[in-house]
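The values are calculated or read from the model by the stated rules, or taken from the named source; none is laboratory data. Nothing here was measured: the structure is a model prediction, and the numbers come from that model. When we count neighbours, we look across all protein chains shown, and the Cβ atoms used for this are built from the backbone with ideal geometry, even at glycine. These accessible areas exclude ligands, DNA and RNA; they are computed on the full protein's heavy atoms, side chains included. Shrake-Rupley method; radii C 1.70, N 1.55, O 1.52, S 1.80 Å.
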Amino acid sequence: METRPTTDRIKETLFNMIQDDLYHCQFLDLFSGSGAIGIEALSRGARQAVFVENHPDAVETIRSNLNTTRLEEQAIVMNCDVMTALKRLEERGFSFDFIFMDAAKGQYIRYMPQVLRLLRPGGTLVTDNVLQDGDIIESRFAVERRNRTIHSRMREYLYELKHHELLTTSIIPLGDGVAVSVKKQEGE
């Protein structure tokens, strides 16, 4: 009950977009919640999915869902905070074709450098929940005062995604917005 599941509409649209590239890929699901996104990737042909979740009850849900779907052999579940997981994955030499990130608004910018190091050239970073009521708000004064820090961080994150030399990014105004960023290949 404490997770914020990605809506079925967003999940279906996302997987319809990336379906052809999922077969035999390495998938990283950050802030996994119930594990629905990573499990969907596995069910559509991903070779392996790594689930990162800090909340013990959510981790138990992920394990239960993997057991129910009989996909546990293709999964690694990490019960720790995302920064710790990203460091461990990098130390172990992991790299990913797809990284799905659904953090609380305003937190994405903290994880971006580590996430990009784990994303393979040609890989895709999907960031959910990047807009405010389905739009990029131009003025911080259009946001309630208590939300201005979050708004400022989200604008900074979106700016970084759109202007990062290694990324080509599109913002899709579906639900509360999805950013799809592809890491450029060498020479692009």
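Quick look at the values:
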item: Contour minus Cα-Cα distance for residue 110 and residue 170 (0.36 nm per residue); result: 19.6 nm
item: Separation in nanometres of the label points that stand 7 Å from Cα toward Cβ, at residue 120 and residue 44; result: 1.7 nm
item: For the range 175-183, 3J(HN,Hα) per residue [Karplus equation, 6.51 cos²θ - 1.76 cosθ + 1.60, θ = phi - 60°, Hz, x = Gly/Pro]; result: x, 8, x, 10, 9, 10, 10, 10, 7
item: Residue order for 69, 127 - accessible surface, 1.4 angstrom probe, largest first; result: 69, 127
item: Amide H contacts of residue 44 (H built 1.01 Å from N, under 5 Å, at least 5 apart or other chain); result: none
item: Radius 11 Å from Cβ of residue 27, net charge of other residues (Lys, Arg +1; Asp, Glu -1); result: -2
item: Computed label-point distance, nm, for sites residue 184 and residue 90 using a 7 Å Cα→Cβ extension; result: 2.1 nm
item: Neighbour net charge for residue 78 - beta-carbon separation under 9 angstrom, K R +1, D E -1; result: 0
item: At R0 = 35 Å, FRET efficiency that the Cβ-Cβ distance of residue 152 and residue 68 yields, to 0.05; result: 0.30
item: FRET efficiency estimate (nearest 0.05) - Cβ-Cβ, residue 162 to residue 57, R0 45 angstrom; result: 0.80
